[in-house]
Amino acid sequence: MKMDCITFRSITPAQRAQRVLQRSGMEVVLQRTPRRMEERGCGYCLRLRHEDLQRAAVLLRQNGVGFQKLYSAEQGEIEEIVL
Amino acid sequence: MIYLDNGATSFHKPPAVRRAVERAMLCCANPGRGGYSAAMAAAETVFRCRETAGDLFHCDPEQVVFTSNCTHGLNIAIHTLVKPGGRVVISGFEHNAVTRPLHALGADIHVAGRRLFDWWDTLDSFEKELKSGADAAIFTHMSNVFGYILPVQELSMLCRQYGVPFVIDAAQAAGALEVDFEKWGASFVAMPGHKGLLGPQGTGLLLCGELPEPLICGGTGSVSLEQRMPDFLPDRAEAGTLNVPGIAGLQAGLSYLRRVGVESIFQREQQQAKKCAAGLQKMGYRVFSGAHQGGTVSFVPKADCQQMADFLAKRGIAVRSGLHCAPLAHESAGTVETGTVRISFGHDAASAQTAAFLQVAADFL
């Protein structure tokens, strides 16, 4: 299954995002952002299914939850996604 | 012990608070740092407290900054809004947690409203001062000495009308009166976790309507490559490790308040304070009571106020006497020379407490 990541500048917005997305029925996992995805130093991300990414981004924007970037991660390869 | 010093700290906490602290010490590591289960458990504990506080006080979880006490929060707020020599309007009943930081900044302090329990005087005096402009206004929601409940809704509107950012000291009000951050439109509202919110000592909340200036700089677990403190909440004002066991206990306190209802707690506290005041007045004590008063009563005994407090303590009744870290309030009421004995009821206010206290007060005469 292809998994994507939404990165956040710190844990609090990541947790808020987790709440928003879980309430909408999405499965998300809160975890530390892999170092390669984090430009400014430490952060947290939400891992979710690739099919949910677009809807997740929309929901977060609608709920005023800021995020940094979107990434796909497959077999060790990381690619930034621009919607 | 009959504990009537809730203005200093709440002593008889709900059992869930103690249990939450202990559980956190067993299960929670450092939040916002690692990614393993104990770190994530800590993070969840902390965020849940932000959410509960946000629900209770009508703000977003990110606007809830954890502090070590109300004084800490007030210092953050004051240092954000007031530069050295800045013009500040405060009420006549402010605590040293407000006046000392202002003095340290060399602020040009204007005191507005010195008459106890008099909303008209408070509002009129504030408006006169605000018309001349100010860098900030700071006022308590409820006086820690006299229980005077200031007209915060109306003061908030005045400050917004004159474009003056303002800080509300909710030290005595949080857990007793409604705190509506969204409606008030304050720049900051500071409160301790360990008084009316029933959490452990070492906790506090600062609700932030604007980005604060960091009082302390250090690690936040975020944007670590940058050497400036983060420019977003809550990280900007939370350098260093949070008091996670304390926050867990605070969350339990907030949950208790949500379940029991702040209004019902206030009614009980106020009812006992009124009975207390009436009983003391009948005995001939000089009592400060009036409209717009919460669960706190101050009075002046004929003997030294500390002597009376000691007498009460020997009979198992805990009160505070003296100036209560609020000399300005005592100046306003004319009690600097004598000080007062203060009774402050808490969430467990009951007639039995009042009856026991009045019996000993009668014996002291």
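The values are calculated or read from the model by the stated rules, or taken from the named source; none is laboratory data. Computed from a predicted structure; not experimentally measured. Glycine also receives a Cβ, built like all others from the backbone with ideal geometry; neighbour counts cover every protein chain displayed. The accessibility values were calculated without ligands, DNA or RNA, using every heavy atom of the protein model including side chains. Shrake-Rupley method; radii C 1.70, N 1.55, O 1.52, S 1.80 Å.
Tabulated data for the structure shown
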| quantity | calculated |
| --- | --- |
| Calculated diffusion of the stretch B:214-285, Stokes-Einstein form, Kirkwood radius summed over Cα pairs, 37 °C and 0.692 mPa s, µm²/s | 201 |
| Accessible surface of residue A:29 - all protein chains present, 1.4 Å probe, nearest 10 Å² | 70 |
| Mean accessible surface per residue for chain B, computed with a 1.4 Å probe while every protein chain stays in place, in Å² | 38 |
| B/A buried area, accessible surface, summed, 1.4 Å probe, Å² | 1800 |
| Residues in the stretch B:217-239 occluded by at least 10 Å² - accessible area, probe radius 1.4 Å, against chain by itself | B:221, B:222, B:223, B:224, B:225, B:226, B:231, B:232, B:234, B:235 |
| Environment charge of residue A:61, counting only residues whose C-beta is closer than 15 Å and scoring Lys/Arg +1, Asp/Glu -1 | +2 |
| Cα-based convex hull, the stretch B:1-57, per residue volume (Å³, whole number) | 116 |
| Of all DSSP beta bridges in the protein assembly as shown, antiparallel share, percent nearest 5 | 70 |
| For the stretch B:162-236, alpha-carbon Rg relative to the globular expectation (2.2 N^0.38 Å, N residues) | 1.28 |
| For the stretch B:52-183: rounded, prolate or oblate by the Cα gyration tensor [a/c cutoff 1.5] | rounded |
| Computed accessible area, residue B:148, all protein chains, 1.4 angstrom probe, square angstrom | 0 |
| Largest-first ordering by accessible area, 1.4 Å probe, given options A:44, B:3 | B:3, A:44 |
| Accessible area of residue B:331 in the full protein assembly, 1.4 Å probe (Å², nearest 10) | 100 |
| Exposure rank, largest accessible area first [B:213, B:238; 1.4 Å] | B:213, B:238 |
| Mean projection area, nm², convex hull over Cα of the stretch B:289-339 | 4.1 |
| Percent accessible area from carbon and sulfur atoms, the protein assembly as shown, protein chains only, probe 1.4 Å | 51 |
| Global geometry of chain A, whether rounded, prolate or oblate, following the gyration tensor of its Cα atoms and the 1.5 cut on a/c | oblate |
| For the stretch B:209-250, the spread of Cα positions along each principal axis, largest first, Å | 32, 25, 15 |
| Calculated Rg and Dmax of the protein assembly as shown using C-alpha coordinates, Å | 24.2, 83 |
| Mean projected area in nm² (Cα convex hull; one quarter of hull surface) for the stretch B:219-365 | 12.6 |
| Among B:345-357, B:85-97, B:11-23, the order from most to least packed when residues are scored by Cβ within 10 Å on average | B:85-97, B:345-357, B:11-23 |
| Chain B - share of DSSP beta bridges that are antiparallel (%, nearest 5) | 50 |
| Equivalent ellipsoid semi-axes, the stretch B:245-322, via Cα gyration tensor eigenvalues times 5, rooted, Å | 30, 18, 9 |
| Square roots of 5 times each gyration tensor eigenvalue, C-alpha, chain B, largest first, Å | 34, 27, 16 |
| Of B:157, B:191, B:142, the one that fluctuates the most in a GNM where chain B has Cα springs shorter than 10 Å | B:157 |
| Equivalent-ellipsoid semi-axes of the stretch B:23-104, from the Cα gyration tensor, Å, largest first | 34, 14, 12 |
